[in-house]
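Asks: Before anything else, here's the structure in question.
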Amino acid sequence: AMALEEYPKLWVIEGLGHFHGDTFWKRNMVPQSILSAKEYDDLPRESLTMLHAGIGMAFAQHLMKTINHLSPASEIRQVLKEFIVLCKENSRPGYEGAALESLGLISRHGQFYSDTRPTEMVLLVSNELAQLDTEVYEYFWHGVGRATYFLPINFIPGYGSISHATDMIRSLAPDDVALRNAISGLAWGVTMVNIRHPEVMENWIGLQQEFLTQNDALTTGVISGIMMRQDTPPDAQFISQYYEHEAGNEVSSFWNTGVREACEKTLKSTYPQLVQDERLGQIFRYQS
């Protein structure tokens with residue numbers, strides 16, 4: 001996977017993590033230290049974030065199949081506790097967030113676990129996490145935002161499709177913490193997928209600039225996506241081409257500060273520090 005062309009490499013590694021997590025369920029085994037045990041020490045550092053995202057998807061997918069929107073709150077809470085434990089016990093320290101965030105992605109897509117009311121399920125899970133673990137609550141809503149971009153109704157390319165995803169998030173998020181994380185997750189997805197086409201982000205900002213520039217949630221999503229792309233693979237040409245894009249007059253002021261300058265500063269200082277401290281999992285949620 002590491003030898004693949006630069007753009008798809010990241011997605012394939014995430015898929016390998018999902019496959020790896022899946023194998024334990026197929027063998028009726030409880031996953032134990034599946035990315036943190038000593039035999040995994042030789043994995044390329046550049047693969048760790050997306051491998052963790054992949055195992056988180058596998059954990060969430062299998063566990064969410066045991067509940068639905070009609071399940072008692074106590075059952076939902078128990079499944080969430082099990083998910084959190086699995087992520088923390090199988091992740092390397094500092095990468096837990098990459099696995100935890102996948103719960104939001106899976107929960108928002110009911111087809112992953114055969115639930116016919118995923119929107120309702122998101123709110124049920126959200127309510128339990130708000131009481132159970134506020135940090136996981138943030139990762140969860142970041143994943144919900146990212147997943148909203150991948151819903152079929154929003155993922156078909158077209159004028160305003162990402163704006164529709166924004167509106168869905170605004171109507172669903174129960175509080176400002178959830179909203180900021182979800183918008184950050186949406187911006188992350190838009191950046192990661194369209195890294196070779198910055199015009200897509202420019203168009204979205206142009207359509208909803210008044211809302212998107214009220215705080216730094218969008219910028220946080222963009223710079224987190226850029227850090228992910230810098231991590232797998234490093235210094236791909238399309239990374240700098242993305243944030244150095246010359247945006248039109250309507251959004252140029254925000255692009256210069258909220259995208260170009262923010263990304264340059266991040267890659268110069270924040271990203272190297274997170275790598276050094278082995279804390280890249282923290283970028284899978286909104287942080288000012």
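Asks: Criterion first (at pLDDT 95 or above and part of a loop (DSSP other than H, G, I, E, B)) does residue 92 satisfy it?
Replies: Taking the combined requirement at face value, the residue satisfies it.
Asks: Every residue in region 129-160 that is of a type in the set (Asp, Glu), surrounded by fewer than 20 Cβ atoms within 10 Å (Cβ to Cβ) and in a helix (DSSP H, G or I), please.
Replies: Matches in region 129-160: 135 only.
Asks: Right, next: Looking only at region 170-182, which residues are among the aliphatic types (A, V, I, L, M) and buried (at least 23 other Cβ atoms within 10 Å of the Cβ)?
Replies: If the condition is that a residue be among the aliphatic types (A, V, I, L, M) and buried (at least 23 other Cβ atoms within 10 Å of the Cβ), then 178, 182 are the ones that fit.
Asks: Another question about this same structure. Can you find a residue in region 243-256 that is within 21 Å of residue 142 (Cβ to Cβ), out of contact with any Lys or Arg (no Cβ under 6 Å at 6 or more places or on another chain), among the β-branched types (Val, Ile, Thr) and at pLDDT 95 or above?
Replies: Checking region 243-256: not a single residue is within 21 Å of residue 142 (Cβ to Cβ), out of contact with any Lys or Arg (no Cβ under 6 Å at 6 or more places or on another chain), among the β-branched types (Val, Ile, Thr) and at pLDDT 95 or above.
Asks: So how many residues does region 99-128 have that are open to solvent by less than 40 Å² (accessible area, probe 1.4 Å) and aromatic (Phe, Trp, Tyr)?
Replies: The total comes to 1.
Asks: Something else about it: Evaluate region 53-62: report whether one residue or more is over 25 Å from residue 272 (Cβ atoms) and either loosely packed, with under 13 Cβ neighbours inside 10 Å or of a type in the set (S, T, N, Q) (or both).
Replies: Within region 53-62, one or more residues are over 25 Å from residue 272 (Cβ atoms) and either loosely packed, with under 13 Cβ neighbours inside 10 Å or of a type in the set (S, T, N, Q) (or both).
Asks: Moving on. Which residue pairs have Cβ atoms under 7 Å apart, sit 6 or more places apart or on different chains, and have a first residue in region 1-17 that is among the charged types (D, E, K, R) and a second that is surrounded by 13 or more Cβ atoms within 10 Å (Cβ to Cβ) and in a helix (DSSP H, G or I)?
Replies: Going by the 7 Å Cβ cut-off, the qualifying pairs are 14/50; 14/53; 14/54.
Asks: Name, by its number, the condition in (1) among the charged types (D, E, K, R); (2) within 21 Å of residue 276 (Cβ to Cβ); (3) at pLDDT 95 or above that does not hold for residue 46.
Replies: Among (1) among the charged types (D, E, K, R); (2) within 21 Å of residue 276 (Cβ to Cβ); (3) at pLDDT 95 or above, residue 46 violates only (3).
The values are calculated or read from the model by the stated rules, or taken from the named source; none is laboratory data. Everything numeric here is computed off the predicted structure, so don't read it as measured data. Glycine also receives a Cβ, built like all others from the backbone with ideal geometry; neighbour counts cover every protein chain displayed. With ligands, DNA and RNA removed, areas are computed over all heavy atoms of the protein, side chains included. Shrake-Rupley method; radii C 1.70, N 1.55, O 1.52, S 1.80 Å.
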